[in-house]
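First comes the structure, then the notes that go with it.
The values are calculated or read from the model by the stated rules, or taken from the named source; none is laboratory data. Bear in mind that the values here come from a model prediction, so they are computed numbers and not experimental data. Positions of Cβ are generated from backbone atoms using ideal geometry, with glycine treated the same way; all protein chains shown enter the neighbour counts.
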Amino acid sequence: MDVIVTPTPTLQGEIQALSSKNYTTRYLLVAALAEGTSTIYYPAHSEDSDAMRRCIRDLGAIVEEDDEKIVITGFGRNPKAVDQLDVGNAGAVLRFLMAIASLCPDVTFINRYPDSLGKRPHNDLIDALGQMGVKIEHNEGKLPIRIQGGAPKGGKIQVSGNVSSQFLSALLFLTPLLEEDSEIEVLHDLKSKVVVGQTLEVLEQAGIVIHASEDLMHYRVPGNQKYAAKNYVVQGDYPGSAAILAAAAVTNSDVIVHRLEENSKQGERAVVDVLRMMEVPMTHENGIVHVKGNGKLKAVEFDGDKATDAVLAMVAAAVFAEGTSRFYDVENLRYKECDRITDYLNELRKAGANVEERQAEIIVHGRPEGVEGGVEINAHYDHRVIMALTVVGLRAKNPIRIRDAHHVAKSYPIYFDHLKALGANVEWVE
Ligand SMILES: O=C(O)C1=C[C@@H](OP(=O)(O)O)[C@@H](O)[C@H](O)C1
Ligand SMILES: C=C(OP(=O)(O)O)C(=O)O
């Protein structure tokens with residue numbers, strides 16, 4: 001399915017932010033790793049969260065749900081011996097479950113998205129699990145991946161953090177369940193460090209003890225721990241909301257988004273600070289972000305690694321800013337659903353934006369007068385490309401057509417419904 005985005009000068013209205021994808025996947029996982037019954041209130045409903053739900057069920061968790069909650073009875077440290085798992089296109093779900101699958105005798109993760117997740121590298125986690133005695137067959141670090149585990153060993157484990165934080169998070173979920181204590185050392189750099197804070201927060205809520213160094217590069221994890229069965233409440237999602245806020249910032253708007261906690265550990269809450277630095281009129285109080293856009297924005301410089309999943313939306317806003325913006329430290333955007341530097345900038349250029357790439361930077365020469373539009377966009381299987389190009393389309397001179405926009409459902413199935421409710425001219429077409 002495609003979407004046609006027709007230029008829309010004004011957006012107005014109120015929406016409830018959808019629920020956080022990253023917290024939902026984590027709460028589902030820790031609930032599955034507990035032995036009792038946990039309840040998750042207001043879970044996200046998207047392809048990625050569905051993937052985690054499907055896989056924990058396959059691994060033996062009992063999952064019941066209604067409109068507002070999911071009730072899960074976990075399998076503790078004894079997942080069922082399944083042959084295959086299908087994580088869809090969900091990177092975090094794959095990486096977290098690769099670690100947990102090492103408690104199973106023989107599991108293969110299938111390759112259902114060869115042109116997206118199938119291209120992403122997992123070598124750093126494969127190496128770390130190898131140090132723990134887990135046997136892994138793989139396609140040069142990529143899917144399909146077969147894990148022959150059973151009894152992974154703790155002890156000293158080294159993992160590289162310069163491609164993704166998800167490898168470290170995966171080890172932090174697994175190691176408390178091992179017989180031995182573990183010591184994890186992160187090598188090189190740690191990208192998306194803020195997301196590890198979300199992992200540690202959820203582990204603590206689940207009653208797990210981890211001793212982390214202040215710089216998050218070293219961990220002592222006592223073994224033989226048990227995940228507690230708990231009740232969890234999922235907060236609103238900043239990465240998805242970043243695109244809505246960017247849309248409000250580039251139009252004449254009066255837009256309110258509820259459920260965005262000011263003190264959230266989601267790095268992408270920085271989208272509010274960045275839009276403020278761009279001189280977008282807005283307030284953020286009591287979990288409510290209120291944008292009163294006048295379409296005028298100033299260029300900005302920002303360390304994108306602090307808010308990795310909001311960078312594409314912030315770049316889309318910068319397309320219409322006065323001056324040159326620079327988003328630096330963003331190399332790991334190249335290893336996401338697509339190459340979010342080269343592929344994304346190619347699509348932006350098609351729409352008429354003036355952008356340049358470096359290995360780890362995105363540079364945007366703003367065009368406050370607007371961009372031409374009138375083109376077809378390739379979504380590259382990437383929900384965040386789809387959301388960001390929509391923002392650009394709202395302020396283009398001519399409509400744009402986003403091919404295969406249904407991939408937005410990876411994280412935000414109701415993105416276009418929300419935009420429509422705010423008055424945007426967006427239409428699904430076959
Ligand atoms: O741990 C997580 O849930 C995530 C970590 C981040 O990935 P990287 O650590 O690969 O940057 C982020 O982009 C992704 O959407 C979700
Ligand atoms: C990169 C993302 O997710 P994942 O790595 O879990 O596929 C994302 O949601 O933007």
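For segment 237-253, a residue qualifies if it is surrounded by fewer than 24 Cβ atoms within 10 Å (Cβ to Cβ) and within 16 Å of ligand 2 (Cβ to nearest atom), but none of them does. Looking for something more than 22 Å from Lys226 (Cβ to Cβ), part of a loop (DSSP other than H, G, I, E, B) and in contact with a Gly (Cβ under 9 Å, 6 or more places away or on another chain) - is there at least one such residue anywhere in segment 59-73? Within segment 59-73, not a single residue is more than 22 Å from Lys226 (Cβ to Cβ), part of a loop (DSSP other than H, G, I, E, B) and in contact with a Gly (Cβ under 9 Å, 6 or more places away or on another chain). Cβ-Cβ contacts under 7 Å between residues 6 or more apart (or on different chains), taken from a first residue in segment 327-338 that is more than 10 Å from ligand 2 (Cβ to nearest atom) to a second residue that is of a type in the set (Lys, Arg) and in a loop (DSSP other than H, G, I, E, B), are listed as Arg334/Arg340. Please indicate, with yes or no, whether at least one residue in segment 85-99 is more than 21 Å from the chain's Cα centre (by Cα), in the same structural domain as Pro144 (by TED's automatic domain parsing), crowded, with 17+ Cβ neighbours inside 10 Å and touching a residue at least 60 places away in the same chain (Cβ under 8 Å). No, segment 85-99 contains no residue that is more than 21 Å from the chain's Cα centre (by Cα), in the same structural domain as Pro144 (by TED's automatic domain parsing), crowded, with 17+ Cβ neighbours inside 10 Å and touching a residue at least 60 places away in the same chain (Cβ under 8 Å). When the residues of segment 18-55 are filtered to those that are part of a loop (DSSP other than H, G, I, E, B), small (Gly, Ala, Ser) and within 16 Å of ligand 1 (Cβ to nearest atom), the one that is surrounded by the most Cβ atoms within 10 Å (Cβ to Cβ) is Ser20.
Comparison of Leu178, Leu171, Leu200 shows that the only residue that is modelled with pLDDT of 95 or more, of a type in the set (A, V, I, L, M, F, W, C) and either farther than 23 Å from Ala31 by Cα or over 23 Å from the mean Cα position of the chain (by Cα) (or both) is Leu178.
What pairs come out if I take residues in segment 181-206 that are in contact (Cβ under 8 Å) with a residue 60 or more places away in the chain and pair them with residues that are assigned to a helix (DSSP H, G or I) and of a type in the set (D, E, K, R) whose C-beta lies under 7 Å away, six or more apart or interchain? Listed pairs, sorted by first residue: Lys191/Asp305; Ser192/Asp305; Val194/Lys306; Gln198/Arg26; Thr199/Arg26; Val202/Arg26.
Out of everything in segment 113-148 that is of a type in the set (S, T, N, Q) and within 16 Å of ligand 2 (Cβ to nearest atom), what residue ends up being surrounded by the fewest Cβ atoms within 10 Å (Cβ to Cβ)? Per the criteria, the residue is Asn123. Of the helices (runs of 4 or more DSSP H) lying entirely inside segment 175-277, those containing at least 1 residues that are in contact with a Gly (Cβ under 7 Å, 6 or more places away or on another chain) and within 14 Å of ligand 1 (Cβ to nearest atom) are 193-205.
I'm trying to understand the selection: among the residues of segment 398-412, which are surrounded by 18 or more Cβ atoms within 10 Å (Cβ to Cβ) and assigned to a loop (DSSP other than H, G, I, E, B)? Hits for segment 398-412 are Ser411, Tyr412. Taken over segment 298-312, residues that are within 16 Å of ligand 1 (Cβ to nearest atom) and surrounded by fewer than 24 Cβ atoms within 10 Å (Cβ to Cβ) amount to 3.
Applying the criterion of being within 18 Å of Ser165 (Cβ to Cβ) and part of a helix (DSSP H, G or I) to the residues of segment 313-344, the residue that is nearest to ligand 1 (Cβ to nearest atom) is Asn332.
Among the residues of segment 413-430, which ones are assigned to a helix (DSSP H, G or I) and out of contact with any Phe, Trp or Tyr (no Cβ under 9 Å at 6 or more places or on another chain)? Scanning segment 413-430 gives Tyr415, Asp417, Leu419, Lys420, Ala421.
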